[in-house]
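*Asks:* Shown below is the structure under consideration.
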Amino acid sequence: MLELTELESGYELLQVLWGVTLRVEEGEFVALLGPNGAGKTTTLRTIAGLVEPIRGTVSFRGKSINGVPPHQVSRMGLGYVSESLNLFPAMSVYENLLLGAYAVRDKAQRLSTMELVFELFPRLHERRSQLAGTLSGGERKMLAIGRGLMPSPSLLLVDEPSLGLAPIPTLAAFEALKRLRERGVTILLVEQNVNTTLRIVDRAYVLEQGRVVLEGTGKQLLGNPHVQEAYLGI
Amino acid sequence: MPARTSVSAMRAFLADRRVPVVAFVLLLLVLPLIPPFNRQDFTRYLVVAVFMAAQAVAFDFTAGYINVVNFGFAAFVGLGGYTSGLLAANYGLSPWIGIFVGALAAGLLGLLTGALTLRLRGIYAAVMAWFVGLALMGIVRNWADVTRGSLGLNVPLFFASSDNLPYYYVILAMLLVTLLVLALVIRSHLGLAFRAIGQNVQAARASGINPTRYLVINFTLSSAFAGLLGGFYAHYYGILTPDVMLTSRTVEVLAIAYIGGRGSLWGGAVIAIPLGIGVELLRIQFSDLPGIHLVLYGILLILVMIYRPAGVAGFLRGLDARLRRGGSAAHEGE
Amino acid sequence: MTSALNPQTVPLARRLLSFTWITIGIAVLVTVVVGINYPSILVSTLATGGMWALMAGGLALVFGVMNIPNFAHGEFFMIGSLASFTVFTPIQNELLEHPSTLLLVLGPFPGMILAALVGAAVGVVMEVFLFRPLRRRSRDQWVMNTFLLTAGISVVLVNGNQLLFGNDFRGITRYWDVPPLQVLGVSVAVDRALVFIIALITIALFSVFLRSTRTGRAMRAVSQDETGAQMVGIDLNRIFMLTLGLSCGLASLAGASLLFMFPSYPSVGVQPLYLAWYVVILAGLGNVQGAVVGAFIVALLQTLTVYFIGVGWVDVLPTAFIIFILLFKPSGLFGSEVKGVWEQ
């Protein structure tokens, strides 16, 4: 469904990715792991269209989406939940979710998806009139994920959902992702929390210094010595 | 081989920045003395051009180094002019002293304005400076008892004769002094602080610099020079109206400074000469189309902002860098 | 724009006592006092205040959504007034020759509508041919660069007008050639009353648009988080065109509406520009609601200064006032940044 081929990408003065190749099949739950600065966020941003690739291709459903502007990528069914969340702070939870479904023309569909989101995150329903800027860290993450779900994307890119969260909200976030997966949403997850992640995903890639250095199933990587040494502290 | 050595020596000679500067200054010094340029009207264009050049330098000192656009710049120039002019007209003070009093007055206003507004965001500070300028213009216009308002204030001239040449050397001297003093300040630790603040205020603060103090120093200096130049204006034209403080005058100076290249100091000065002369010629040619020179400035400013934000100076610096690379490559070939 | 304080937890009394509300309170009090004693001043102030609200609102909108401090905003006032004059003059002549009630009542509107459309169109052209290319090249120092760019545009527009149409004052005495209304014993010029109503309707429509429509919401989203807006599928270029078009259209509408007060000439936009900027800085950059409210306060301030203190001080006093306010609240009366921060 999603395929990156020898992707090179980066910013004006700094190239970050030096040939990343990975793929995500329909229905899979794949993780992208690696240390800080490896280029995980850049990878997601490039897929989402926020950064233009220098070389290589990003293809979605067989078609190249290099250079496609982010709002069109979103409308193609590629959802993105960014690391910095990019919520609309002066708007309510309800309005944020509504905007998530900006490209959805069918009002009934919008409403039913919103119900789904509220079912997934009851806390959001409680605080639906509250301004997004005044929510707690965990609630903001939930809102970001919820908003990402509103257009019913076929593929969801999620960047570090557990970042900055206490253990309980972290578990809640992972729970939500698992339930999404059960509903058939394909997910590409970027995470620092290697242990938990490897236990819930199908496959994972390890990114270091802009290149894929390891790939395998969750179990395989958990048993991998390099992974154990560098990321699991064993 | 002697031939190749002299080529690379010549390249090095040309690349040495002092040469173009000295050449340029020499050119300016002798230009109005050489035919066919030794005519009164041409000298007059030169006076205007160099006047704009000096203003552009003073303006760029603030805009290019601490990233603050003094949008009321023309009012500070005007303040210097009116101060010196009034003192000369009403109290017989010699213009040669008056211009420094004008500089002082403008500098004080700059100090006040800076202290009150420079702690705000860049755009706030620029607009506040604009408001101060408008207020000043309004005061001058309405205080007609003293300033004669829009009727115009008659001001004694520097020299008895109507020859433009001595005035040219006065303004040229002012340009060189302005450039020299401000360039020296830039090279000092003050200049370093300016650049640090201009780039990133938080970082500057973290390194122990108090940004507001330096911003105010910069702004005050720039205003003082503006006032000095205003004094020249007063005693050259002999008549002052509140229109000298119009925002469009600031935009003219601003356009020259940015077309010349922000943050270069000399960029505006250099580009002001051909631009200033060209504009004067344009004005003569199309005297039935008032304001055409402003349209030209406007279009040039727009084009520079979109396509060449670093201005002419930036373009020349790029050329210079390429020349140097070419020179050293030839060296390596030996 | 995030509020530094959570509006749901600060007790009502404390909020009311805030600097902002005290200022508004004083303004309302003064308005009432003035209204009772000098009603004609009040009417005049309401008419201009309404139009300054449109201008300041437009300016705040462009700054909030696109981060552009539009220094050419006043020139759209000029464009609007010229457009309306051009359309209304033949209508006026027609009315003189063949008086008709329908034409009398509806006559001014084609000019105003055309003015708004022309202004909007020029705004869109500016976005497509000037701001979009700049955006593509670099976002570095965006605010300063666009400020200077619009200064250049302003100069071109003013002098272009002068070159093309000359320096003459093109004015009208009245839009609606009817005797003044008598309201509660006060003589109210019909023009001023209707202009105030036009302003109120426009503000109301604009407010509804921003608050409740899909596109209006999208505009607000872009002003709060551009990347987030892209992520939910909003086409930034379209929103920018719409924003600038709307902003310039509002300014042109103001210029058209106030033609009877401000005749059309090349630099007629200078005062409206100053007022719009004054309101926006006073209210807090990018805050559209604050700008609308602030406009009425500023209109009042201006009228009071001219009437009671004298024309000479009309420039100094407002400047001193705004410096004073900014010393205590650097983000403006309604602004909500914690401190006056330098932009990075």
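*Asks:* Does at least one position in the stretch A:56-69 carry a residue that is surrounded by fewer than 21 Cβ atoms within 10 Å (Cβ to Cβ) and within 11 Å of chain C (Cβ to nearest Cβ)?
*Replies:* Yes: the stretch A:56-69 contains one or more residues that are surrounded by fewer than 21 Cβ atoms within 10 Å (Cβ to Cβ) and within 11 Å of chain C (Cβ to nearest Cβ).
*Asks:* OK, next. Which of the numbered conditions does A:LYS40 fail, given that it passes all the others? Conditions: (1) within 30 Å of A:ARG110 (Cβ to Cβ); (2) buried (at least 23 other Cβ atoms within 10 Å of the Cβ).
*Replies:* (1)
*Asks:* Looking only at the stretch C:180-200, filter to residues that are β-branched (Val, Ile, Thr) and within 14 Å of the chain's Cα centre (by Cα); which one of those is surrounded by the most Cβ atoms within 10 Å (Cβ to Cβ)?
*Replies:* Kept after step one, since they are β-branched (Val, Ile, Thr), are these residues of the stretch C:180-200: C:183, C:186, C:188, C:190, C:195, C:197-198.
Keeping just the survivors that are within 14 Å of the chain's Cα centre (by Cα) gives C:195, C:198.
Values: C:VAL195: 26, C:ILE198: 21.
In this case the residue turns out to be C:VAL195.
*Asks:* Any idea which of C:VAL125, C:VAL118 is among the hydrophobic types (A, V, I, L, M, F, W, C), free of Cβ contacts under 8 Å to residues at least 40 places away in the same chain and farther than 30 Å from A:TYR11 by Cα?
*Replies:* After applying the criteria, what remains is C:VAL125.
*Asks:* Then there is this: Is it true that A:TYR94 is more than 29 Å from A:GLN209 (Cβ to Cβ), modelled with pLDDT of 90 or more and surrounded by fewer than 19 Cβ atoms within 10 Å (Cβ to Cβ)?
*Replies:* So A:TYR94 fits the description; yes.
*Asks:* Within the group C:LEU244, C:LEU194, C:LEU205, which residue is of a type in the set (A, V, I, L, M, F, W, C), in a helix (DSSP H, G or I) and either touching a Gly at 6+ places or on another chain (Cβ under 7 Å) or closer than 24 Å to C:TYR274 by Cα (or both)?
*Replies:* C:LEU244
*Asks:* Continuing with this model, one more query. Can you tell me which condition A:THR196 does not meet? The list is (1) in contact (Cβ under 8 Å) with a residue 60 or more places away in the chain; (2) farther than 24 Å from A:GLY19 by Cβ, and all the others hold.
*Replies:* In the conditions (1) in contact (Cβ under 8 Å) with a residue 60 or more places away in the chain; (2) farther than 24 Å from A:GLY19 by Cβ, A:THR196 misses (1) alone.
*Asks:* Tell me yes or no: at least one residue of the stretch A:124-133 is buried (at least 19 other Cβ atoms within 10 Å of the Cβ), in contact with a strand residue (DSSP E or B) (Cβ under 9 Å, 6 or more places away or on another chain) and either touching a residue at least 60 places away in the same chain (Cβ under 8 Å) or part of a loop (DSSP other than H, G, I, E, B) (or both).
*Replies:* yes
*Asks:* Quick one: which of B:PHE71, B:PHE76 is crowded, with 24+ Cβ neighbours inside 10 Å, outside any helix (DSSP H, G or I) and not basic (Lys, Arg)?
*Replies:* Working: B:PHE76 fails: outside any helix (DSSP H, G or I).
Exactly one residue qualifies, and that residue is B:PHE71.
*Asks:* If you don't mind, there's one more thing I want to ask. If you scan the stretch A:4-14, which residues turn out to be part of a strand (DSSP E or B) and more than 13 Å from A:THR41 (Cα to Cα)?
*Replies:* A:LEU4, A:THR5, A:GLU6, A:LEU7, A:GLU8, A:LEU14 - these are the residues of the stretch A:4-14 that are part of a strand (DSSP E or B) and more than 13 Å from A:THR41 (Cα to Cα).
*Asks:* Based on this model, can you work out whether C:THR2 counts as at pLDDT below 80 and part of a helix (DSSP H, G or I)?
*Replies:* It is false that C:THR2 is at pLDDT below 80 and part of a helix (DSSP H, G or I).
*Asks:* Also, quick follow-up: With within 14 Å of chain C (Cβ to nearest Cβ), among the aliphatic types (A, V, I, L, M) and under 21 Å from B:ALA144 (Cα atoms) as the only criterion, which of B:ALA75, B:ALA105 stands out?
*Replies:* B:ALA75
*Asks:* Could you check the stretch A:193-212 and list, in sequence order, the residues that are modelled with pLDDT under 90 and of a type in the set (Ser, Thr, Tyr)?
*Replies:* A:THR196, A:THR197
*Asks:* Next up: Go through the stretch C:145-166 and give me each residue that's over 24 Å from C:ARG132 (Cα atoms), in contact with a helix residue (DSSP H, G or I) (Cβ under 6 Å, 6 or more places away or on another chain) and more than 7 Å from chain B (Cβ to nearest Cβ).
*Replies:* C:ASN161
*Asks:* Please work out which one of (1) more than 24 Å from B:PRO156 (Cα to Cα); (2) more than 14 Å from every other protein chain (Cβ to nearest Cβ); (3) modelled with pLDDT of 85 or more; (4) part of a loop (DSSP other than H, G, I, E, B) is the condition B:PHE61 fails and give its number.
*Replies:* With (1) more than 24 Å from B:PRO156 (Cα to Cα); (2) more than 14 Å from every other protein chain (Cβ to nearest Cβ); (3) modelled with pLDDT of 85 or more; (4) part of a loop (DSSP other than H, G, I, E, B) applied to B:PHE61, the lone miss is (4).
Yes/no matrix, rows are residues, columns are (1) within 14 Å of the chain's Cα centre (by Cα); (2) of a type in the set (Asp, Glu); (3) within 14 Å of another protein chain (Cβ to nearest Cβ); (4) over 30 Å from A:LEU232 (Cβ atoms):
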residue: A:TYR102; (1), (2), (3), (4): no, no, yes, yes
residue: A:ASP106; (1), (2), (3), (4): no, yes, yes, yes
residue: A:GLN109; (1), (2), (3), (4): no, no, no, yes
residue: A:HIS125; (1), (2), (3), (4): no, no, no, yes
residue: A:ARG128; (1), (2), (3), (4): no, no, yes, yes
residue: A:ALA132; (1), (2), (3), (4): no, no, yes, yes
residue: A:SER136; (1), (2), (3), (4): no, no, yes, no
residue: A:PHE174; (1), (2), (3), (4): yes, no, no, no
residue: A:LEU180; (1), (2), (3), (4): yes, no, no, no
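*Asks:* Out of all the residues in the stretch B:124-150, which are at pLDDT below 85 and either more than 8 Å from chain C (Cβ to nearest Cβ) or crowded, with 21+ Cβ neighbours inside 10 Å (or both)?
*Replies:* B:ALA144, B:ASP145, B:VAL146, B:THR147, B:ARG148, B:GLY149, B:SER150
*Asks:* Six or more apart or on different chains, Cβ atoms under 9 Å: show the pairs whose first residue is in the stretch C:296-315 and within 23 Å of C:ALA199 (Cα to Cα) and modelled with pLDDT of 75 or more and whose second is of a type in the set (A, V, I, L, M, F, W, C) and not in a helix (DSSP H, G or I).
*Replies:* Close Cβ pairs (under 9 Å, with a partner that is of a type in the set (A, V, I, L, M, F, W, C) and not in a helix (DSSP H, G or I)) amount to C:ILE297/C:LEU333.
*Asks:* Follow-up question, since we're still on this one. Are there any pairs, at least 6 apart or on different chains, whose C-beta atoms fall under 8 Å, with the first in the stretch B:274-294 and assigned to a helix (DSSP H, G or I) and the second among the charged types (D, E, K, R), and if so, which?
*Replies:* Going by the 8 Å Cβ cut-off, the qualifying pairs are B:GLU280/B:ARG44; B:ILE292/B:ARG283; B:HIS293/B:ARG283; B:LEU294/B:GLU252.
*Asks:* Can you tell me which residues in the stretch C:224-265 are farther than 30 Å from A:VAL81 by Cα and either facing chain A (nearest Cβ under 10 Å) or among the hydroxyl-bearing types (Ser, Thr, Tyr) (or both)?
*Replies:* Filtering the stretch C:224-265 down to residues farther than 30 Å from A:VAL81 by Cα leaves C:245-265.
Passing the criteria: C:SER247, C:SER252, C:SER257, C:SER264, C:TYR265.
*Asks:* For the stretch C:90-138, enumerate the residues that are within 11 Å of another protein chain (Cβ to nearest Cβ) and touching a helix residue (DSSP H, G or I) at 6+ places or on another chain (Cβ under 9 Å).
*Replies:* If the condition is that a residue be within 11 Å of another protein chain (Cβ to nearest Cβ) and touching a helix residue (DSSP H, G or I) at 6+ places or on another chain (Cβ under 9 Å), then C:MET126, C:LEU130, C:PHE131, C:ARG132, C:PRO133, C:LEU134, C:ARG135, C:ARG137, C:SER138 are the ones that fit.
*Asks:* Does B:ILE299 meet the test of being more than 23 Å from B:LEU31 (Cβ to Cβ), assigned to a helix (DSSP H, G or I) and within 11 Å of chain C (Cβ to nearest Cβ)?
*Replies:* It is true that B:ILE299 is more than 23 Å from B:LEU31 (Cβ to Cβ), assigned to a helix (DSSP H, G or I) and within 11 Å of chain C (Cβ to nearest Cβ).
*Asks:* Ok, one more. Report yes if some residue within the stretch C:214-229 is surrounded by fewer than 20 Cβ atoms within 10 Å (Cβ to Cβ) and more than 30 Å from A:GLY146 (Cβ to Cβ); otherwise report no.
*Replies:* No, the stretch C:214-229 contains no residue that is surrounded by fewer than 20 Cβ atoms within 10 Å (Cβ to Cβ) and more than 30 Å from A:GLY146 (Cβ to Cβ).
*Asks:* May I pose another question? Against the definition (within 11 Å of chain C (Cβ to nearest Cβ) and either touching a helix residue (DSSP H, G or I) at 6+ places or on another chain (Cβ under 8 Å) or of a type in the set (Ser, Thr, Tyr) (or both)), how does A:GLY164 come out, yes or no?
*Replies:* no
*Asks:* I've got another one for you. In the stretch B:97-119, what residues are in a loop (DSSP other than H, G, I, E, B) and surrounded by fewer than 23 Cβ atoms within 10 Å (Cβ to Cβ)?
*Replies:* Passing the criteria: only B:ARG119.
*Asks:* Continuing with this model, one more query. Return the residues of the stretch B:234-266 that are crowded, with 24+ Cβ neighbours inside 10 Å, away from chain C (no Cβ under 14 Å) and in a helix (DSSP H, G or I); say none if nothing qualifies.
*Replies:* Result: B:ALA234, B:HIS235.
*Asks:* Starting from residues that are of a type in the set (A, V, I, L, M, F, W, C) and part of a loop (DSSP other than H, G, I, E, B), keep the ones in the stretch A:24-59 and report whichever is nearest to A:GLU208 (Cα to Cα).
*Replies:* A:ALA38
The values are calculated or read from the model by the stated rules, or taken from the named source; none is laboratory data. Predicted, not measured: the structure shown is a model, and the values here were computed from it. Virtual Cβ from ideal backbone geometry, glycine too; neighbours counted across all protein chains shown.
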